[in-house]
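Here the structure is laid out as structure tokens; the discussion comes afterwards.
The values are calculated or read from the model by the stated rules, or taken from the named source; none is laboratory data. Keep in mind the model is a prediction, meaning the values are calculated, not measured. All Cβ positions, even for glycine, are placed from backbone atoms using ideal geometry, and neighbour counts span all protein chains on display. Remember, those area values only see protein heavy atoms, side chains included, never the ligands or the DNA or RNA. Shrake-Rupley method; radii C 1.70, N 1.55, O 1.52, S 1.80 Å.
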Amino acid sequence: MCPCLRAPKRRSPYSSVDSERYSSLVKSVMSTRVSSQTPETLQAEDEHVFGPVVKAQAPSSRPERRAPRTLHPFLNCGDVLETEEPESGPPTRILLNRGQGRSSVPSVTRILQQTQSPEQIFYLERWKRRMILELGEEGFREYNQNLFRQGKYFHSVLEELLESGETWKNKDPSETHKYPPEVQGYMESISHILEDVSAVRAIESTVKHDSLNYLGVADCVARFRGVLCVIDWKTSEKPKPFLSNTYDNPVQVAAYAGALNNDGNYKYQVENGLIVVAYKDGSPGHAHQLNAELMLENWNSWLLRLEKFTEQRLGDASSTFPEKRQEV
DNA sequence: GGATCCTTCTTCTTCTTC
């Protein structure tokens, strides 16, 4: 139909609606859309929410760079071929060397946390405010603690399983039922993905980039459908069917892989990454594989974040140092 | 023995039509 014929119809689509008659319907529809919040709570929320917006948008006056100043190779073009490395031995587990003046070597998590975009900070703050309104300060703290506890438990069970070479499906039910229902759900959720994981080479192992000077602990290095990957296990409350639902996780995985590729302790190279998302209700988890191209893209994002972190650090040092001198 | 470290998670939304 010609748009010019439709135009008059559009002008007042609700003018003929008996609004009195449908008022309860409209109310019920609207109430499900905006949840149980009242104008009072919304207003209170806005006071909190709109405060940080100004703060959050301020840095955008200085546009963010898209390419890192210094490019650094993701793969170490040495002469080591990963296929020469035996795959049959037990997985590597390089423990984090605690307390050796390591504060000078920042971690992947710390760098990602401290270099979030203004948008990220804004949405996280807004989410936090909303949760506190709903659960209260104490309730929110408990909610978070519970999420962390579940995540840690899930990781430890997975670690044990991979170390032993067992599969969740073949485990004796009397054993699997020992675990809390959420953990059983998470494991159920990813059991079909675990079938494609083989040749586990590292579990919860520290990776440190020799020249870029950062470190992290990679969850797992193994083959996924035959391709060697750095794997990151995640638990999630919400479904994450697309890679874009995983926020900074791809950058995190690329950072670990880049570190591993430039860490003398590992004699092989990793080109791909994998993010595995598990759900506690046992519904099928999602596996997001990052091919070489995606890894390079995220490696560049990582280099940018690393540069931003270093700049902030230098900025902090130059701004706090004079004060300290004045104190002396 | 206490302190610190790396992780563990959390975000993406709004307008209107057969």
For segment A:105-316, what does the accessible surface come to per residue with a 1.4 Å probe? Please give it in Å². 47
Rank A:R225, A:R201, A:R65 by accessible area, highest first, at a 1.4 Å probe radius? A:R225, A:R65, A:R201
Amide H within-cut-off set for A:K280, under 5 Å, with H built and near neighbours excluded: A:S236
Label-point separation, A:S117 to A:S244 (7 Å along Cα→Cβ), nm: 1.1
Given the protein chains as shown and a 1.4 Å probe, how many square angstrom of A:C220 are accessible, to the nearest 10? 0
Sorted by accessible area (1.4 Å probe), largest first, how do A:L75, A:L162, A:L133 line up? A:L133, A:L75, A:L162
Quick one: accessible surface of A:E163, probe radius 1.4 Å, all protein chains present, in square angstrom to the nearest 10. 90
Quick one: ranking A:H192, A:H209 by accessible area, 1.4 Å probe, largest first, what do you get? A:H192, A:H209
Test of understanding: what is the full-extension gain from A:D281 to A:N144, defined as 0.36 nm times their sequence separation minus their Cα-Cα distance? 47.5 nm
Hey, any idea what % of segment A:105-316's accessible area is carbon plus sulfur with a 1.4 Å probe? 51
Efficiency by 1/(1 + (r/R0)^6): what FRET value for A:E163 and A:N97, r their Cβ-Cβ distance, R0 = 30 Å, to the nearest 0.05? 0.90
Amide H neighbours of A:N272 at under 5 Å, excluding residues fewer than 5 places away on the same chain, with H built from the backbone geometry, are A:V230
The pairs in A:K152/A:K308; A:K169/A:K208; A:K238/A:K267 lying past 31 Å Cα-Cα in this model are A:K169/A:K208; A:K238/A:K267
